[in-house]
Amino acid sequence: MIALKHIKTPVGQMRIGATDDGICLFDFQYRRSIDSIMRRIQTHTGKDFAEGDHPYFALLEAQMEEYWQGTRKDFDLPLHLAGTDFQKSVWNGLLQIPYGETRSYKQQSIFLGNEKAIRAVAGANGENGIAIIIPCHRVIGEDGSLTGYGGGLPIKKWLLEHERRHSGKAAQGELFG
């Protein structure tokens, strides 16, 4: 079974899912593709979602509270990545983007060893079902523009500004460059 819970956050209602292997879902309740993301997780884990509690929920909620307060920069949570090998490599690459910084899709593709895979990398970013913790919000357009985010661009902007404000990097220059 995948335990499922709904919580309120400063960026809206979110769903948390966990198996005994770790957090497999932390995503926006209203996200257009939430149902397909949950089906993918079920397919890759071989388990169904059921409302319930899990010890990982308290750990996630405590670390997210520290994140909202600006005191947590890195998460220390067990993650259960439920996707293809390529998706997992992209999501693991996202974990390498430091708090308060951004990368372009092109930079992310180069980091993963295939500059021409920009569209595939962007697609895998879009399939990330563990928002904020796996920081796909830190990936932006090459020109510094905000592009695609499952939680919506206003939330992406809010998260990036929140991190910049608490990282000490928010002063001069382009906000998202």
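The values are calculated or read from the model by the stated rules, or taken from the named source; none is laboratory data. These numbers were taken from a predicted model, which means no experiment stands behind them. Heads up, the Cβs are rebuilt from the backbone with ideal geometry, glycines too, and the neighbour counts pull from every protein chain shown. The protein model used for the area step is the full one, side chains on, heavy atoms only, and it has no ligands, DNA or RNA in it. Shrake-Rupley method; radii C 1.70, N 1.55, O 1.52, S 1.80 Å.
See the values below:
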item	result
Among P98, P55, P135: highest mean-square fluctuation, GNM of the chain, C-alpha pairs under 10 Å	P55
Solvent-accessible ranking of Y56, Y30, largest area first, probe 1.4 Å	Y30, Y56
Column: log10 I(q)/I(0), Debye, Cα scatterers of segment 77-163, q = 0.14, 0.22, 0.23, 0.24 Å⁻¹	-0.42, -1.08, -1.18, -1.29
Within the chain: Cβ-based charge dipole about Cα centre, in debye rounded to nearest 20 (Lys, Arg +1; Asp, Glu -1)	460
Helix 153-167 vs. the chain, principal-axis angle (Cα, 0 to 90°, nearest 10)	70
Selection from N125, L95, H80 lying farthest towards where the dipole of segment 27-177 points positive, charges on Cβ	N125
Relative contact order, percent, the chain [alpha-carbon distance under 8 Å, six or more residues apart]	21
Choice from T102, T43, T147 with maximal GNM fluctuation in the chain (Cα, 10 Å cutoff)	T43
Inverse mean reciprocal Cα-Cα distance (Kirkwood Rh) of the chain, Å	16.4
